[in-house]
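The values are calculated or read from the model by the stated rules, or taken from the named source; none is laboratory data. It should be emphasised that the depicted structure is a prediction, and the values quoted were computed from it without experimental measurement. So basically every Cβ, Gly included, is an ideal-geometry build from the backbone, and we count neighbours across all protein chains shown. Accessible surface areas use protein heavy atoms only, side chains included; no ligands, DNA or RNA. Shrake-Rupley method; radii C 1.70, N 1.55, O 1.52, S 1.80 Å.
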Amino acid sequence: MSIALRVVDWEAWAPGKESKHDWLDNQIAEPASPIPGAKKIPPMQRRRMSPLTKSALQPALELCEQQMPDYAIFASRHGEMPRTYQLLCAIDDLEPLSPTAFSQSVHNTAAGLFNILKKSQIPTNSIAAGVDTFPRAWQEAQAYLACHPDRSLMLVYFDEPLPVPYLEFCPEPKSPFSLALHLVAAPAGIRLSQQQESAGQESSGLHPRLFLEWLLKPSESLRIQKSSRLWVWSQDA
């Protein structure tokens, strides 16, 4: 049986939802900006970052104001694909490549910049597992906290829509979204299980966004069908 994890705190961002208050009150700021304000990131560093990196780091830095985790997991299905696409277009047009864009086009950009900004040496991991990226990152959190039950970790999920030429292959996500969770092991809490080859209808929406909605308005369980797997989050009584 999987170990239970407790969400000590969380932060999230999506267009029009710049603060936890917006999520709790289900408010949407108008007009909704597709790029986070990222006020926690110093301006000199912020102007060099992609919108995706800003959306990952803003909630992560907010979450770490009270307590630094012992370990950090950054999870993104597509990573810096828009920036990589821009580089490919520059190559096709025989234009010089931006050194900053090139150095920040890798999947662990956000993880590396997080430690630089926080002047931190905590271990970090970057995870990409296709449609199952968020639950696989949760399993990584379970594994770490099972080995280190007295420690805490931060799980950050972030993604944005793919460039237009790739949308026919993968239309998700429909809009940018990021979620940062401060997790600890607990005798009772949230557990994750999976079933192979469920016959249920595939769920619409991203794992982490559906998870946050469930976290704010908990029910008996959250069941998400993606591909051939049914993922089930449940809350101990």
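Here are a few things to note about the model shown:
- Of all residues in segment 204-237, those that are aliphatic (A, V, I, L, M), surrounded by fewer than 19 Cβ atoms within 10 Å (Cβ to Cβ) and modelled with pLDDT under 85 total 1.
- For segment 123-145, a residue qualifies if it is of a type in the set (A, V, I, L, M), under 20 Å from residue 234 (Cβ atoms) and buried (at least 20 other Cβ atoms within 10 Å of the Cβ), and the qualifying residues are 137, 141, 145.
- Helices (runs of 4 or more DSSP H) wholly inside segment 1-99 containing at least 3 residues that are surrounded by 13 or more Cβ atoms within 10 Å (Cβ to Cβ): 20-24, 51-63, 81-92
- As a summary of the residue check, residue 120 satisfies the conditions (1) part of a helix (DSSP H, G or I); (2) open to solvent by less than 30 Å² (accessible area, probe 1.4 Å) except for the one numbered (1).
- Residue match in segment 167-183 (condition: open to solvent by 60 Å² or more (accessible area, probe 1.4 Å), assigned to a loop (DSSP other than H, G, I, E, B) and among the hydroxyl-bearing types (Ser, Thr, Tyr)): no
- The single condition among (1) touching a helix residue (DSSP H, G or I) at 6+ places or on another chain (Cβ under 7 Å); (2) farther than 20 Å from residue 177 by Cα; (3) β-branched (Val, Ile, Thr) that residue 53 does not satisfy is (2).
- Where residue 146 falls short, out of the listed (1) at pLDDT below 95; (2) in a helix (DSSP H, G or I): (1)
- Filtered residue count, segment 100-117, keeping only those that are part of a helix (DSSP H, G or I) and either open to solvent by less than 50 Å² (accessible area, probe 1.4 Å) or of a type in the set (Val, Ile, Thr) (or both): 11
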